[in-house]
Structure formats: structure tokens, C-alpha cells
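Working notes, structure below.
The values are calculated or read from the model by the stated rules, or taken from the named source; none is laboratory data. All values derive from a computational prediction rather than experimental measurement. Heads up, the Cβs are rebuilt from the backbone with ideal geometry, glycines too, and the neighbour counts pull from every protein chain shown.
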Amino acid sequence: MTEKLLLIEDDTAIGRIVKDTLVQEGYLVTWATTGLEGLADFHADTFDLVLVDWMLPEMDGLTVCQNIRWDSDVPILMMSARKEEADKVEGLQGADDYIAKPFSLEELKARVASHLRRWKRYNKKEDSEDITAFAYGLAIDWQRETANLENTEIALTQKEFALLKLLAKNPSQTFTKEELYQHIWQQASVDETHTVTVHIKALREKLKDPVKTPHYIQTVWGKGYRFIGEPL
């Protein structure tokens, strides 16, 4: 099967060269020119590797990496003109590898191939359950993207399930309303936190999750929300 790569690069000249080089190697390449566009592309398809520039319009590369990591362990290769050791260390907080511009296309091809080999081995070894059950009757079917409460399917909207999935896949991590809006709605959060509040309230009601003594979604006052469900 042909590997699919996501390239997020706003420099037209660099983006075209990198894309053409990788296409010649036999990869399918989707090219985005802004951070938000790249994140939207990532959510719209399945990719085997992501190449992301650090300095991007709308959303920088580090934030793109953070958002991808909340959903996936796919290999991420950070590309940047920043060459200081401190910059590389920071870039590797979210990415798996860091390549400084200007880089040789041969080196780029070698690194891409290396990460894809490891990714294939990882996927073969991974044996994750399609359904996760939690205390107090909640079960989430990740494959079908449904949730049951006491063996009865909950009628969740697409956004409500996306919120539940993000929180439950990253237990105990506190998400701000801005982060939730940016990740789920894939837009810059400009006074849109009320939208998140409304959806969290609806999700809690459907989960029968009391605000004061929650089983699943806990409010971290002054910060945001986190998932506290206990897996069985």
C-alpha cells in the first residue's frame, strides 16, 4: 500500500521541491500551506507521516504537533531554519525528528523512509481494543465512533463525540476551552469559548455526569476540562 504523507509548509518554493521529491519516491503527498489547513487535512484523512514547518501562518508548527499528538502517534518530522540546540530540543517536544533548513533532499528521503519503517513495525505490534469500558456504565467504541451508557447507545452529535474522544484519549490532561475549540472546530478561537461550554454541558447531560461529583468530565476551575473516567 502506498504511504500517505502530509506536508505543512508555507514557503511555496520549498513546499514544491519537497512534494515533488517525495512524489518521485512513490509517496502520496497532501500539501497544506497554513497550520490550520494542515490540521484540517490531518483530520480529514489518514496519514503515515507528517512533515511540518515550525513557522506557519494561523497556527505554528509546535501547536500543530500538539494537536496531532492528542489524536495520533503518527511520526512527525519538524522542518525549521532554527538551528540552535535549544530550538531543536523544543521542536522535539512534539515531533519525532528535527531537520534544519537548508537540508539535503537525500537526507530528507532517508529520514522519511526510516520513520515509515518504524511506523509499520509499531502498527503491527499495536493491538489496541476497539472498545473501552469505564466505571459507571460508559463504553466507547472508537471504531464505530459511538458511546453507550448502561448498554444503551447515546445519541451524540459529531462535535460531542469528538470532544469526548479527545478528552478520553488524553485522560487527566486539562484542556482549555481555547484548545478544545481550536482542535475540534479547527478554527482560531476568537471569543468562541461559549460554544465549547454549550457542547460540554450537552455532553454531560447525555452522559448523566453530575457537575459537582463527575464520573467522567471534570471542570478544572479557571483552566478548562479533563477526563477522569476510570477504565475497567
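Within the range 176-184, one or more residues are outside any strand (DSSP E or B), surrounded by fewer than 17 Cβ atoms within 10 Å (Cβ to Cβ) and under 17 Å from the mean Cα position of the chain (by Cα).
Does residue 58 qualify as being in contact (Cβ under 8 Å) with a residue 60 or more places away in the chain, more than 23 Å from residue 118 (Cα to Cα) and over 16 Å from the mean Cα position of the chain (by Cα)? Steps first, please.
Working: in contact (Cβ under 8 Å) with a residue 60 or more places away in the chain: yes; more than 23 Å from residue 118 (Cα to Cα): yes; over 16 Å from the mean Cα position of the chain (by Cα): yes.
Considered against the rule, which asks whether it is in contact (Cβ under 8 Å) with a residue 60 or more places away in the chain, more than 23 Å from residue 118 (Cα to Cα) and over 16 Å from the mean Cα position of the chain (by Cα), residue 58 comes out as yes.
Scan the range 189-205 and give yes if some residue there is on the phi > 0 side of the Ramachandran plot and either surrounded by fewer than 18 Cβ atoms within 10 Å (Cβ to Cβ) or outside any helix (DSSP H, G or I) (or both), otherwise no. Looking for residues that are on the phi > 0 side of the Ramachandran plot and either surrounded by fewer than 18 Cβ atoms within 10 Å (Cβ to Cβ) or outside any helix (DSSP H, G or I) (or both), one finds at least one in the range 189-205, hence yes.
Every residue, every condition in (1) in the same structural domain as residue 50 (by TED's automatic domain parsing); (2) of a type outside the set (Gly, Ala, Ser); (3) at pLDDT 95 or above, yes or no:
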| position | (1), (2), (3) |
| --- | --- |
| 138 | no, yes, yes |
| 172 | no, no, no |
| 207 | no, yes, yes |
| 211 | no, yes, no |
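State whether one or more residues within the range 16-33 are of a type in the set (S, T, N, Q), surrounded by 15 or more Cβ atoms within 10 Å (Cβ to Cβ) and over 14 Å from residue 108 (Cα atoms). Yes, there is a match, as at least one residue in the range 16-33 is of a type in the set (S, T, N, Q), surrounded by 15 or more Cβ atoms within 10 Å (Cβ to Cβ) and over 14 Å from residue 108 (Cα atoms). Residue under question is residue 218, and the condition is that it be surrounded by 11 or more Cβ atoms within 10 Å (Cβ to Cβ), in contact with a strand residue (DSSP E or B) (Cβ under 9 Å, 6 or more places away or on another chain) and free of Cβ contacts under 8 Å to residues at least 24 places away in the same chain; does it hold? Here the answer is yes, as residue 218 does meet what is asked.
Taken together, 230, 178 contain a single residue that is charged (D, E, K, R) and in contact with a His (Cβ under 9 Å, 6 or more places away or on another chain), which is 230.
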